[in-house]
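*Asks:* Supplied in structure tokens, the structure appears directly below.
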Amino acid sequence: MKKVISAGAAAKLIPDDARVAIGGFLGFGCPEEVLKAIRKNYDEVGHPKNMTLIKGVSIGDKGERGINRLAADGLLKCVICSHFGLEPGIAKMAAENKFFSYMLPLGTITDWFRAVASHKPGLTTYVGLGTFVDPRIEGAKGNELTKEKGGDIVSLMELNGKECLYYETAPLHACVIRGTYADEDGNISLEKEAIHGDQLEIAAATHNSGGIVIVQVEKIVNRGTLDPRDVKIHGFMVDYVVVAKPENHPQTFTSDVYQPELTGDVRIPLDAVEKMPLQERKICGRRAALELKQNTLVNLGIGMPDAVAAVAAEEGISSEFTLSIESGVLGGVPLGGLALGGSINPEAFYKMPDILNVYDGGGLDMAVLGLAEMDEAGNLNVSKFNGKVMGPGGFINIVQHTPFVIFTGTFTAGKSDIRVENGKLHIVKDGNVLKFKKNVEQITFSGEMAIKKKQKVMIVTERAVFLWTEKGLMLTEYAPGVDVEKDIIGKMEFRPLISHALKEMDQAIFMDEPLGKEAFFKE
């Protein structure tokens, strides 16, 4: 039988100065019991210290749970990841230069795990060229400490006449991942997990590095009782198993109970999904949804873009195309907020690294992603604000090779009072933070690269629709009820081009009634 140990014993196995990988995806799949034990051990005896943490995305709940448990001076020496958004303590420490910080595209990290597992000397990729990851720009360095004293982890190479980025591999000393059940031989199943993330890649990289593989599970079951189709990590890779308390092993941080509709155990009627109120979020979701095409693969990002899924469900058109999330879940109705990554009534589960490879190769037909800030050069920033780096998550993987990209969000940021009445938009009080800037703070998406790749880029807000063109950003539509000069151009740091065919957005978007199936898939 595989060695079953307590979380406290597992924490003591991690040496000082270790390179440690931890699995999870936002509110899903967090090995919370082990993370709590690592922090407790550090507080009590000062170990493990000076850890280099490598993870994919944020793992947490915007509070103390998840990776935020590790936000203690001296515990972390370096963090390599794609996102801090749900880890306020970690983000604060990075901004205060308490550790070295490198921010990479999510798919680069998962591919790096694979390269480590196969003992390759390094990873080459096109993903990140022209963005802050590019060594000619910022080299993925996430704070001033790293820029001044940290080494370079990415370099520019040329292969077959094409530029690419190169990352050296390095062994992992330990990892902490999570599954549902472990049998007596250490085989790990994932049947109650709403996401099949990078657990296998992390385990393989650690095992083949000679490191320690620790897996947190809900329960130990008898040998031979697991369906082999549910076993995603074989026992030969697993060194230790930790059985968690129920409160430290929720399916997701958004619920204390198991939700079978997220794993395919049951299917629920979509009319049980709560409808969105007619506000900016729904307006953006409706207008973006009008661009959907039948029989296509579409990615939805975090935040405002998940309104597209809700609109599609409300309009009864979800089955006409396939929604995809970088977590690897395909089909169904993707969830938002802390539950992003899961989907109600999913059709299939890919591993996260597999779907990211599909994205990197141009497998998406369309993507709808968040709009944080954009400049007159067509660059977008979703990764750094007011000097604080949040990271790109899977954003760069999604956008770099997708032929049609929509960026959607409110036109301004900050406290506002925007109402929809009688089919018109009324801006009672506008946000005081402008999103359309002369220059963005950080380049997460390159307008120049988009033109070179002949990508179609659309920007959808509650009051205006734009297209990115070779000549610049072009206003093509405006909301009924707004003053184009005052409410749109007057709230930008640069003047956009105005389309000769400038028109009012469809008034039906601003009405309570559903748009109706006939409004979609017209082309």
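The values are calculated or read from the model by the stated rules, or taken from the named source; none is laboratory data. Since we're looking at a predicted model, the values are computed, not measured. Neighbour counts run over all protein chains shown; Cβ positions are idealised from the backbone, glycine included. For the accessible areas, the whole protein counts, side chains as well, though only heavy atoms, and no ligand, DNA or RNA atoms are used. Shrake-Rupley method; radii C 1.70, N 1.55, O 1.52, S 1.80 Å.
*Asks:* Considering only strands (runs of 3 or more DSSP E) fully contained in region 240-332, which possess at least 1 residues that are farther than 23 Å from Val420 by Cβ and of a type in the set (Ser, Thr, Tyr)?
*Replies:* Fully inside region 240-332 and qualifying: 240-243, 322-324.
*Asks:* Let me ask another. I'd like to know if region 338-355 contains one or more residues that are out of contact with any strand residue (DSSP E or B) (no Cβ under 8 Å at 6 or more places or on another chain), of a type in the set (A, V, I, L, M) and not in a helix (DSSP H, G or I).
*Replies:* No, region 338-355 has no match at all.
*Asks:* Looking at (1) more than 24 Å from Ile109 (Cβ to Cβ); (2) touching a residue at least 60 places away in the same chain (Cβ under 8 Å), can you tell me which one Leu200 breaks?
*Replies:* (1)
*Asks:* Does region 295-312 contain at least one residue that is over 20 Å from Glu462 (Cα atoms), in contact (Cβ under 8 Å) with a residue 60 or more places away in the chain and in contact with a helix residue (DSSP H, G or I) (Cβ under 6 Å, 6 or more places away or on another chain)?
*Replies:* yes
*Asks:* Given the residues Gly107, Gly85, Gly29, Gly23, which is the only one that is surrounded by 23 or more Cβ atoms within 10 Å (Cβ to Cβ), farther than 30 Å from Arg223 by Cβ and either in contact with a strand residue (DSSP E or B) (Cβ under 9 Å, 6 or more places away or on another chain) or hydroxyl-bearing (Ser, Thr, Tyr) (or both)?
*Replies:* Gly107 is the lone residue from the list that is surrounded by 23 or more Cβ atoms within 10 Å (Cβ to Cβ), farther than 30 Å from Arg223 by Cβ and either in contact with a strand residue (DSSP E or B) (Cβ under 9 Å, 6 or more places away or on another chain) or hydroxyl-bearing (Ser, Thr, Tyr) (or both).
*Asks:* Moving on. When you scan region 296-322, how many residues do you find that are crowded, with 24+ Cβ neighbours inside 10 Å and polar (S, T, N, Q)?
*Replies:* Total satisfying the criteria: 1.
*Asks:* Restrict the check to region 427-438 and report whether at least one residue is touching a Phe, Trp or Tyr at 6+ places or on another chain (Cβ under 7 Å), within 25 Å of Glu513 (Cα to Cα) and crowded, with 21+ Cβ neighbours inside 10 Å.
*Replies:* no
*Asks:* A further question follows. Conditions: (1) within 21 Å of the chain's Cα centre (by Cα); (2) over 20 Å from Gly303 (Cβ atoms). Glu477 meets all but one. Number of the miss?
*Replies:* (1)
*Asks:* On to the next question. Those residues that are of a type outside the set (Phe, Trp, Tyr), surrounded by 24 or more Cβ atoms within 10 Å (Cβ to Cβ) and touching a helix residue (DSSP H, G or I) at 6+ places or on another chain (Cβ under 7 Å), I need them from region 95-104; list them, please.
*Replies:* Scanning region 95-104 gives a single hit, Ser101.
*Asks:* Take Arg419 and tell me if it is assigned to a loop (DSSP other than H, G, I, E, B), free of Cβ contacts under 8 Å to residues at least 60 places away in the same chain and more than 22 Å from Glu291 (Cα to Cα).
*Replies:* no
*Asks:* Can you find a residue that is open to solvent by 10 Å² or more (accessible area, probe 1.4 Å) and either more than 25 Å from Val399 (Cα to Cα) or of a type in the set (Phe, Trp, Tyr) (or both) anywhere in region 447-459?
*Replies:* No: region 447-459 contains no residue that is open to solvent by 10 Å² or more (accessible area, probe 1.4 Å) and either more than 25 Å from Val399 (Cα to Cα) or of a type in the set (Phe, Trp, Tyr) (or both).
*Asks:* Can you tell me which of (1) open to solvent by 40 Å² or more (accessible area, probe 1.4 Å); (2) modelled with pLDDT under 95; (3) of a type in the set (A, V, I, L, M, F, W, C) is the one Leu467 doesn't meet?
*Replies:* If we test Leu467 against (1) open to solvent by 40 Å² or more (accessible area, probe 1.4 Å); (2) modelled with pLDDT under 95; (3) of a type in the set (A, V, I, L, M, F, W, C), just (2) comes out false.
*Asks:* Of everything in region 357-408, what is of a type outside the set (A, V, I, L, M, F, W, C) and part of a strand (DSSP E or B)? Give them in sequence order.
*Replies:* Gly370, Glu373, Asp375, Asn381, Lys384, Lys388, Thr408
*Asks:* Assuming Glu64 fulfils every condition listed in (1) open to solvent by 20 Å² or more (accessible area, probe 1.4 Å); (2) modelled with pLDDT of 95 or more apart from one, which condition is it?
*Replies:* (2)
*Asks:* Further question on the same structure: Which one of these does Lys92 not meet: (1) within 15 Å of Glu326 (Cβ to Cβ); (2) open to solvent by 30 Å² or more (accessible area, probe 1.4 Å); (3) part of a helix (DSSP H, G or I)?
*Replies:* The failed condition is (1).
*Asks:* Also, I was wondering about something else. Any chance region 490-511 includes a residue that's at pLDDT 95 or above, open to solvent by 50 Å² or more (accessible area, probe 1.4 Å), among the polar types (S, T, N, Q) and within 33 Å of the chain's Cα centre (by Cα)?
*Replies:* yes
*Asks:* Considering each residue of region 4-20, count those that are touching a His at 6+ places or on another chain (Cβ under 8 Å) and either open to solvent by less than 10 Å² (accessible area, probe 1.4 Å) or not charged (D, E, K, R) (or both), and give that number.
*Replies:* Final tally of qualifying residues: 4.
*Asks:* OK, next. How many residues are without any contact (Cβ under 8 Å) to a residue 40 or more places away in the chain and basic (Lys, Arg) when one looks only at region 476-523?
*Replies:* The qualifying residues number 4.
Residue by residue, here is whether (1) in contact with a helix residue (DSSP H, G or I) (Cβ under 6 Å, 6 or more places away or on another chain); (2) among the aromatic types (Phe, Trp, Tyr); (3) farther than 27 Å from Ala313 by Cβ; (4) part of a strand (DSSP E or B) holds:
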residue	(1), (2), (3), (4)
Gln442	no, no, yes, no
Lys454	no, no, yes, no
Met458	no, no, no, yes
Met474	no, no, yes, yes
Ile489	no, no, yes, no
Phe494	no, yes, yes, no
Ser499	no, no, yes, yes
Leu502	no, no, yes, yes
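*Asks:* Can you name every residue in region 67-82 that is open to solvent by 20 Å² or more (accessible area, probe 1.4 Å) and either among the hydroxyl-bearing types (Ser, Thr, Tyr) or free of Cβ contacts under 8 Å to residues at least 40 places away in the same chain (or both)?
*Replies:* The answer is Asn68, Arg69, Ala71, Asp73, Gly74.
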